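Data block below; observations after.
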């Protein structure tokens, strides 16, 4: 009778471990989704600021239509991007590049650089970029946690049995990291 209790105890321990591991994987997946939602919120904030920034620049630099159109097009593409974090990061990097180009153009307009509206929008955009980076770091930490859990033994057995897939990291460039490109005006 004792061997039967030992076997039942082992089976029960395996079941408890499997349920706990499954619940941990579900919890980690939910953390990733919540963190992605925070990124999405901050990206939307950026998207909302860009048209105001473009309109402000238009008032001072009307002949910079190509640059303004490129920023607007990149924003439209980024807003419409709803794919994987990797594909969305590509669209975000394009937008960041166009914003850098816009700020390089602004360097040629001292009145614009001194404009209170422009300075306020630029500060809001900088704050938003900081918030995006913080949300990205939080998301990527959650992705690291779930991916580690999915790959390590023995929890990888539960992950593969229940179809848990690796999450993708969200890597975008920081708008303030690289120096602005040189823009020559005709």
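Here is a check on your reading of the model: is residue 39 part of a helix (DSSP H, G or I) and closer than 26 Å to residue 104 by Cα? Considered against the rule, which asks whether it is part of a helix (DSSP H, G or I) and closer than 26 Å to residue 104 by Cα, residue 39 comes out as no.
Condition check ((1) at pLDDT below 95; (2) in contact with a helix residue (DSSP H, G or I) (Cβ under 7 Å, 6 or more places away or on another chain); (3) surrounded by 12 or more Cβ atoms within 10 Å (Cβ to Cβ)) across all residues:
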{"residue": "1", "(1), (2), (3)": "yes, no, no"}
{"residue": "10", "(1), (2), (3)": "no, no, no"}
{"residue": "34", "(1), (2), (3)": "no, no, yes"}
{"residue": "48", "(1), (2), (3)": "yes, no, yes"}
{"residue": "51", "(1), (2), (3)": "yes, no, yes"}
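Scanning segment 53-79 for residues that are at pLDDT below 85, surrounded by 19 or more Cβ atoms within 10 Å (Cβ to Cβ) and over 18 Å from residue 119 (Cβ atoms) turns up just one, 64. Within segment 42-70, being outside any helix (DSSP H, G or I) and free of Cβ contacts under 8 Å to residues at least 40 places away in the same chain holds for 62, 63.
The values are calculated or read from the model by the stated rules, or taken from the named source; none is laboratory data. These figures come from a predicted structure and were not determined experimentally. Cβ sites come from the backbone with ideal geometry, for glycine too, and all protein chains shown count toward neighbours.
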